[in-house]
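Scroll down for the structure; my scribbles are underneath it.
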Amino acid sequence: MTANLALTIADNLARVRERIAAAEARYGRPPGSVALLAVSKVHGADSVAAAHAAGQAAFGESYVQEALDKQAALAHLPLTWHFIGRVQTNKTRDIAGHFAWVHGLCELKHARRLGAQRPAALGPLACCVQVNLSGEASKGGLAPEAVADFIAACRGIDGIGVQGLMTLPAPADDLAAQRRPFAALRALRERLATPALPLPTLSMGMTDDLEAAIAEGATMVRVGTAIFGARVGTAHR
Ligand SMILES: *Cc1c(COP(=O)(O)O)cnc(C)c1O
């Protein structure tokens, strides 16, 4: 790891933490109520190690093989890995065995496979159900009206535990437009949460819209670019 890379990432992380704290204060959220997931996809193990040295423990990855390689290289560090990419059927065993969280759950077939393949010693795989609030066919996620039945079906599956909801809206430039899908996810959570199934997690907000997400109740923001720099030649998934 070069000293420069470590300094840049530590500095970037400090700035992201300041943005989170400022948004918590501005929108009346308790200090520390928004967790930071550092999205390290496309960036190397040295970048993850630098972020860990600067106090970050939770990392999000979108590509299974890339994540497994990094996990192997960093097995000596106490890191928590979240799978935030699109779940593919032929990858469920690797995901179930090597991640603590899955953020993009939206197919029952995947939920069943992940539950069946989850090693019992690891405890239930924490899952967020992905909701598509922008109606874009290219984006993954369930239509809001399908979420209640989906969660009910997931409750019968050993090996996974539904912790909440996740969304990945289309980019929007102004705060009001950014807040709309996040407000809709929050409202859906309020409608579906019960004492037996509190759905504590709202996974929403990225580099460009984390303030809007925190304003609408995000409990976990997934931030890549602002911590690790631009991902050259890759698109959001
Ligand atoms: C890449 C990615 C992020 C991080 O996006 P940035 O704009 O780089 O902060 C967050 N969530 C998901 C699902 C992603 O794929």
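The values are calculated or read from the model by the stated rules, or taken from the named source; none is laboratory data. On a predicted model such as this, the values are computed, not experimentally measured, just so you know. Positions of Cβ are backbone-derived with ideal geometry, glycine not excepted, and every protein chain shown enters the neighbour counts. To get the accessible areas, we keep the full protein, side chains included, count just its heavy atoms, and leave off ligands, DNA and RNA. Shrake-Rupley method; radii C 1.70, N 1.55, O 1.52, S 1.80 Å.
Solvent-accessible surface of protein heavy atoms, probed at 1.4 angstrom with all chains present, puts ASP174, ASP209 in the order ASP174, ASP209, largest first. The mean accessible area for residues of the stretch 3-222, using a 1.4 Å probe and ignoring ligands and nucleic acids, is 44 Å² per residue. Considering only PHE182, PRO169, GLY141, and ranking their Cα positions along the charge dipole of the stretch 121-194 that arises from unit charges at the beta-carbon of Lys, Arg, Asp and Glu, the one farthest toward the positive end is PHE182. Other residues within the sphere of radius under 15 Å centred on the Cβ of LEU188, judged by their own Cβ, net out at +1 (K and R +1, D and E -1). Normalised size of the chain, defined as Cα radius of gyration per 2.2 N^0.38 Å with N residues, equals 0.97. Accessible area per residue (1.4 Å probe, heavy atoms of protein chains only) ranks LYS109, LYS70 as LYS109, LYS70, with the largest value leading. Each Lys and Arg contributes +1 and each Asp and Glu -1, all at the Cβ; summed about the Cα centre of the chain, the dipole is approximately 420 debye. Is the shape of the stretch 17-142 rounded, prolate or oblate, going by the alpha carbon gyration tensor and its root eigenvalues a ≥ b ≥ c, with a/c under 1.5 for rounded and a/b larger than b/c for prolate? Oblate, because a/c is 1.5 or more while a/b does not exceed b/c. Determine the share of the chain's accessible area contributed by carbon and sulfur atoms, expressed in whole percent, with a 1.4 angstrom probe. The value for the chain is 54 percent carbon and sulfur by accessible area. Using a cutoff of 8 angstrom between alpha carbon atoms and counting only pairs six or more residues apart, the relative contact order for the chain works out to 20 percent. Quick one: among SER40, SER134, SER62, which has the greatest mean-square fluctuation in a GNM of the chain with alpha-carbon springs under 10 angstrom? Looking only at SER40, SER134, SER62, the largest GNM fluctuation is found for SER134.
Sorted from longest to shortest, the spans of the Cα atoms of the stretch 133-237 along the three principal axes equal 41, 28, 26 Å. Comparing PRO124, PRO198, PRO30 in a Gaussian network model of the chain, where Cα atoms under 10 Å apart are tied by springs, the biggest mean-square fluctuation is seen for PRO30.
For LEU125, the residues 5 or more places off, or on other chains, whose built amide H falls under 5 Å of its own are ILE160, GLY161.
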